[in-house]
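These notes concern the structure reproduced below.
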Amino acid sequence: MSESTRTKLRRFYDAMYKALGPQRWWPGDSPTEIIVGAILTQNTNWGNVERAIANLKAAGLLDWVALRDVAPVRLAEQIRPAGYFNVKARRLKNFVDWLWRKYGGDLDRIAATGLTTLRAEVLAIDGIRRETADSILLYALNRPSFVVDAYTARIARRHGLKAKDYHELQAIFEQNLPRDLAMFNEYHALIVAVGKQYCRPTARCDGCPLARFPHDEKA
DNA sequence: TGCCAGGCCGGGT
DNA sequence: ACCCGGCATGGC
């Protein structure tokens with residue numbers, strides 16, 4: 001990739017970091033909570049996810065044994081505030097099944113699996129696609145896999161970074177940033193922070209840390 | 001009041 | 001290969 005893209009991405013990062021400071025993502029206490037949150041937040045407001053997670057904690061369901069043993073209908077009940085609760089209960093169960101089948105219900109055992117193989121395994125779970133998989137890899141399993149979400153795509157598009165799909169956009173970031181866990185972690189978190197505040201479909205660019213860079217608000 | 005949120009699946013062209 | 005409806009709650 002071009003040096004200018006590299007420079008551009010670095011300047012974006014510096015501007016966002018200077019304005020907002022470190023985000024210290026993911027907002028969750030444990031890898032287990034992060035994985036559950038990654039699935040629950042699919043097309044859903046994070047505030048609703050927090051309620052669902054609070055329910056799971058209160059019900060003692062936030063561990064892999066409990067999640068394996070709980071009846072799907074009861075799981076759905078607990079995560080109701082996160083929306084799509086039937087679908088998401090099934091998706092959580094799909095992940096739990098995979099974890100027990102492949103790794104005996106122990107996240108630590110995943111460490112021996114290489115990134116490429118692991119990503120393919122996670123992507124094979126029904127209901128877990130690119131963004132959810134990469135969020136789990138990066139924030140729960142500490143693998144350098146750059147997360148692309150709706151904000152990333154919108155911000156990139158408005159700033160003239162052309163990519164035809166998820167993987168092409170992911171490659172732009174991965175190939176032009178140091179392949180560093182802390183960098184990937186913080187960069188995506190900053191994008192979400194900026195996106196929520198300044199880059200929703202209806203939001204204005206006023207005050208956005210990236211507003212001084214060339215962009216098209218309506219792109 | 002409607003639109004939106006840190007997606008993904010399945011069926012139709 | 002794209003396009004679309006479905007899935008569902010809570011906040012603004």
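The values are calculated or read from the model by the stated rules, or taken from the named source; none is laboratory data. Just so we're clear, the structure is a prediction, and the values are computed from it rather than from any experiment. Quick reminder, even Gly has a Cβ in these numbers, built from the backbone with ideal geometry, and neighbours come from all protein chains shown.
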**OP:** Examine segment A:128-144 for a residue that is at pLDDT 95 or above, farther than 21 Å from A:E174 by Cα and small (G, A, S), and state whether such a residue exists.
**Re:** no
**OP:** Give, as residue ranges, the helices (runs of 4 or more DSSP H) completely inside segment A:1-76 that count at least 2 residues that are under 26 Å from A:P178 (Cβ atoms), of a type in the set (A, V, I, L, M, F, W, C) and within 11 Å of DNA strand B (Cβ to nearest atom).
**Re:** A:31-40
**OP:** Please state which of the following conditions A:K102 fails to meet, knowing it meets all the rest: (1) of a type in the set (D, E, K, R); (2) under 18 Å from A:L141 (Cα atoms); (3) crowded, with 18+ Cβ neighbours inside 10 Å.
**Re:** (3)
Subject >> Matching residues in segment A:176-217 - criterion: being within 13 Å of DNA strand B (Cβ to nearest atom) and loosely packed, with under 12 Cβ neighbours inside 10 Å >> reply: A:P201, A:T202
**OP:** Only residues that are of a type in the set (F, W, Y) and in a loop (DSSP other than H, G, I, E, B): list them for segment A:167-183, please.
**Re:** none
**OP:** Give segment A:145-172 a look and list any residue that's away from DNA strand B (no atom under 16 Å from the Cβ) and either at positive phi or not basic (K, R) (or both), or say none.
**Re:** A:H159, A:G160, A:L161, A:A171, A:I172
**OP:** Determine the pairs where a residue that is within 24 Å of A:T44 (Cβ to Cβ) and small (G, A, S), located within segment A:180-209, has a partner that is part of a helix (DSSP H, G or I) and away from DNA strand B (no atom under 11 Å from the Cβ) with Cβ atoms under 6 Å apart, the partner being 6 or more residues away or on another chain.
**Re:** A:A193/A:L20
Subject >> helices (runs of 4 or more DSSP H) contained in segment A:86-166 and holding at least 1 residues within 16 Å of DNA strand C (Cβ to nearest atom) and polar (S, T, N, Q) >> reply: A:130-135
**OP:** Would you check which residues across segment A:15-61 are within 13 Å of DNA strand C (Cβ to nearest atom), surrounded by 20 or more Cβ atoms within 10 Å (Cβ to Cβ) and within 26 Å of A:I155 (Cα to Cα) and list them?
**Re:** A:I39, A:L40, A:T41, A:V49
Original post:
Can you tell me which residues in segment A:156-178 are polar (S, T, N, Q) and within 21 Å of A:R212 (Cβ to Cβ)?
Top reply: A:N176
